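Values quoted throughout were computed directly from the atomic coordinates according to the rules given, and no laboratory measurement underlies them. Just so it is clear, the model here is predicted, and its values are computed rather than measured. All Cβ positions, even for glycine, are placed from backbone atoms using ideal geometry, and neighbour counts span all protein chains on display.
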Amino acid sequence: MRVVRDWDESAELWSFVGTGDGTDEFPTLKAMAERYDRTCTLLFPKASRRKKTGLSVLDSINTVITKTSPKINTFLFLIDREHIVQGVKKRDVTRLNNNKIQGMIEKRLSNKHVRILETDDNTPDGTFIIKGKLGSRILQIYIVIFGIKSIEDEILTLIKLEKDITIPPGKKNIRDFFEERFHTRSIGRGAGKLIIEADESNIQKSFPGLTFILNVIENQCSKNN
């Protein structure tokens with residue numbers, strides 16, 4: 001499975017990938033997707049200057065549908081949990097379970113004229129698969145909510161499982177580790193290098209939502225070929 005920044009006609013384009021203002025998701029997803037066999041391609045374009053965070057990234061569906069060629073009907077969104085809770089009252093944060101987040105997602109999509117046709121209830125916590133309709137277009141929407149706060153939580157888990165090292169939370173601590181091990185201070189590039197050499201079961205334990213969705217995507221690619 002390929003993850004690319006720019007589409008070319010030789011690629012079998014399968015899905016659009018959207019995320020917030022982070023820079024770690026692309027190299028992390030790219031390294032993980034390359035562990036899968038299917039030949040389909042995920043288009044992960046560079047973020048525009050007007051970056052979106054949280055559930056606002058779902059608004060890009062409307063833009064992609066109207067402006068992107070070739071036509072894309074499948075979307076994968078990667079969102080840090082800390083951006084979901086922004087604007088939520090403190091007393092409500094602890095009650096923000098999967099059902100609450102699903103309701104927030106469906107409301108956001110509905111506000112952008114996406115009609116919900118079906119939601120898969122058999123998914124891991126923080127992971128959503130939604131079938132929707134925008135105009136005459138049937139859409140398949142995959143959403144992964146990362147970590148307790150962000151994708152860094154899942155990267156820390158993988159470091160612990162792979163290297164048996166417990167690193168305190170914080171981007172500086174993760175950057176220091178990757179600089180020592182892989183000679184990079186980029187969390188995304190360091191995570192990508194770690195994923196390339198990691199045990200499959202450790203990746204699944206560290207990134208349960210993303211690995212679940214990539215398996216679903218791989219199966220769908222197989223059916224379409």
**Counting all C-alpha pairs of the chain, share separated by more than 24 Å (%)** = 43
**Asked** In deg cm²/dmol and to the nearest 500, what is the mean residue ellipticity at 222 nm of the chain if only DSSP H runs of at least 4 residues count, each as -39500 (n - 2.57), divided by the residue total?
**Response** -13000 deg cm²/dmol
**Prompt:** Ranking 7, 14 by Cβ neighbours within 10 Å, fewest first, what do you get?
**Reply:** 7, 14
**Item:** Listed residues 147, 192, 170, most fluctuating in the chain (Gaussian network, C-alpha, under 10 Å)
**Value:** 170
**Spread of Cα-to-Cα distances over 5 Å intervals beginning at zero, given as percent, for the range 162-202** = 5, 25, 31, 27, 10, 1
**Request:** Would you please give the residues with an amide H less than 5 Å from that of residue 139, counting only those at least 5 places away or on a separate chain, with H modeled from the backbone geometry?
**Result:** 132, 133, 134
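Using Cβ counts within 10 Å as a stand-in for footprinting exposure, how do 113, 83 rank, fewest first?
Fewest-to-most ranking of 113, 83: 113, 83.
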**In order through the range 24-34: 3J(HN,Hα) via Karplus (6.51 cos²θ - 1.76 cosθ + 1.60), integer Hz, x for Gly, Pro** = 8, 5, 4, x, 5, 5, 4, 5, 6, 5, 5
**Prompt:** Using a Gaussian network for the chain with springs between C-alpha atoms less than 10 Å apart, which of these wobbles most: 80, 164, 176?
**Reply:** 164
**Message:** 7 Å from Cα along Cα→Cβ at both residue 115 and residue 200: what's the point-to-point distance in nm?
**Reply:** 4.1
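Please compute the length gained on full extension between residue 39 and residue 23, using 0.36 nm multiplied by the number of residues separating them and subtracting their Cα-Cα distance.
3.3 nm
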**Complete:** Most exposed to least, judged by fewest other Cβ atoms within 10 Å, 186, 136, 206, 56 sort to 136, 56, 186, 206
